[in-house]
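As structure tokens, the structure follows; a few thoughts come after it.
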Amino acid sequence: MDSVFNVTTRDQPDRVEMANLNRMPGATPKMADQQWYKVDYLKHLISRYHSRRDRALSLTPALASGKPPNKT
């Protein structure tokens, strides 16, 4: 019985392509042109998310205190 999958393409990592940019938030045409691996794209996306999340979490104590933020 023949396999349904092409083994040679399954052994190679997927890359970001222009055709799937609409399904990959934060992916850019430049990433597709540079043929980024999808794994590297995901690392980039996760690191961007965590850096934004950490900044948002750092505001939590100030907001919880109920005091207006200091104006500088």
Given the condition modelled with pLDDT of 60 or more, touching a Lys or Arg at 6+ places or on another chain (Cβ under 9 Å) and among the hydrophobic types (A, V, I, L, M, F, W, C), answer yes or no: does some residue in the stretch 33-48 qualify? yes
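One line per residue, one yes/no per condition, for (1) at positive phi; (2) at pLDDT 90 or above; (3) surrounded by fewer than 10 Cβ atoms within 10 Å (Cβ to Cβ):
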position	(1), (2), (3)
Pro29	no, yes, no
Leu59	no, no, no
Ser65	no, no, yes
Pro69	no, no, yes
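The values are calculated or read from the model by the stated rules, or taken from the named source; none is laboratory data. Because the structure is predicted, anything quoted here is derived from the model rather than measured. Don't worry about glycine lacking a Cβ; one is built from the backbone with ideal geometry, like all the others, and counts go over all protein chains shown.
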